[in-house]
């Protein structure tokens, strides 16, 4: 790979890294300010509304400013078009089957963290005791993230990196999407979801199916929480129903994959000979902006953990 190609990768990756760093840091700071100064003074509805505002400011406005500053043509990197059902539906079934299965396995791992002496200190749930709170919870956790995160990751990030090869863009955008979540519970799950969503975008050239899948994935968890918080269904019954649904989705995912596999080279991604994966990945990771973002992600992820096997005396001076 020549120096011009490496420079192009580093320049693009550094800009994206700084964008993600500013976006993630602003979300962290705004959330911290609210938690410290306002949390005890706000009701659930106000907290959910503030979460919506924080997401829009940190994810959408920051990424939009990046596009303006870098003179990025949104029409070139973000494709928004209707996709034929015979292509969209199988891909959606595959992505949901993979994501729901990964989510189920994540829950099992989370419930057994104590075996390794690790306890995650992040509480990702928000109780909804009224219809209005439930509505705001759905908007805050399902609608807004599906829109702004797809705009950011499957739109800008994937679109900019795709110039250097589809496999690289798919892997890199998914890794950044996972790390952005900043806690050990969501990172592996988000990486798998990111791969599924990025693949859908590459094969359909549209973020619309990605938005639908992202919404459905988040809606599952919120819907379950609403049912349990309001005692609308017993937990054991809900678990059994969910396992049945998971099995059906898994079968639908396999059937969908079989249908799409009949298309020649459908599950292959296009590569560019002038951008080999290893060299491109190395150049991207070690760009200045990416280093800033990765350090921030490492810091926030470590803060989300409490390591129970370390003696308390180690922290007596803090």
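Does segment 168-192 hold any residues that are in contact with a helix residue (DSSP H, G or I) (Cβ under 6 Å, 6 or more places away or on another chain), in a helix (DSSP H, G or I), touching a residue at least 40 places away in the same chain (Cβ under 8 Å) and surrounded by fewer than 24 Cβ atoms within 10 Å (Cβ to Cβ), and which are they?
170, 179, 187, 189, 192
Given (1) at pLDDT below 90; (2) not in a helix (DSSP H, G or I), identify the lone condition not met by residue 105.
Among (1) at pLDDT below 90; (2) not in a helix (DSSP H, G or I), the lone unmet condition for residue 105 is (2).
Could you tell me whether residue 63 is surrounded by 13 or more Cβ atoms within 10 Å (Cβ to Cβ), within 16 Å of residue 140 (Cα to Cα) and touching a residue at least 60 places away in the same chain (Cβ under 8 Å)?
When the stated conditions are applied, residue 63 does not pass them.
Check off (1) more than 21 Å from residue 187 (Cβ to Cβ); (2) at pLDDT 85 or above; (3) in contact with a helix residue (DSSP H, G or I) (Cβ under 9 Å, 6 or more places away or on another chain) for residue 44 and give me the number that stays unchecked.
Residue 44 satisfies all of (1) more than 21 Å from residue 187 (Cβ to Cβ); (2) at pLDDT 85 or above; (3) in contact with a helix residue (DSSP H, G or I) (Cβ under 9 Å, 6 or more places away or on another chain) except (2).
Taking the conditions exactly as written (over 30 Å from residue 101 (Cβ atoms), touching a residue at least 12 places away in the same chain (Cβ under 8 Å) and touching a helix residue (DSSP H, G or I) at 6+ places or on another chain (Cβ under 8 Å)), does residue 257 satisfy them or not?
So residue 257 does not fit the description; no.
Only one of (1) in contact (Cβ under 8 Å) with a residue 12 or more places away in the chain; (2) surrounded by fewer than 16 Cβ atoms within 10 Å (Cβ to Cβ) is not met by residue 51, so which one is it?
It fails just one condition, (2).
Answer yes if at least one residue in segment 3-22 is closer than 21 Å to residue 135 by Cβ and part of a helix (DSSP H, G or I), and no otherwise.
Going residue by residue through segment 3-22, those that are closer than 21 Å to residue 135 by Cβ are none.
No, the conditions are met nowhere in segment 3-22.
Which condition number does residue 36 fail, the rest of (1) surrounded by fewer than 15 Cβ atoms within 10 Å (Cβ to Cβ); (2) part of a loop (DSSP other than H, G, I, E, B) being met?
Residue 36 satisfies all of (1) surrounded by fewer than 15 Cβ atoms within 10 Å (Cβ to Cβ); (2) part of a loop (DSSP other than H, G, I, E, B) except (2).
With 150, 133 as the choices, which residue is part of a helix (DSSP H, G or I), under 10 Å from the mean Cα position of the chain (by Cα) and touching a residue at least 24 places away in the same chain (Cβ under 8 Å)?
Going through 150, 133 in turn, the sole match is 150.
How many residues, within segment 66-79, are in a loop (DSSP other than H, G, I, E, B) and surrounded by fewer than 14 Cβ atoms within 10 Å (Cβ to Cβ)?
Total meeting the criteria: 2.
The values are calculated or read from the model by the stated rules, or taken from the named source; none is laboratory data. It should be emphasised that the depicted structure is a prediction, and the values quoted were computed from it without experimental measurement. Counting neighbours? That spans all protein chains shown, and the Cβs are built from the backbone with ideal geometry, glycine included.
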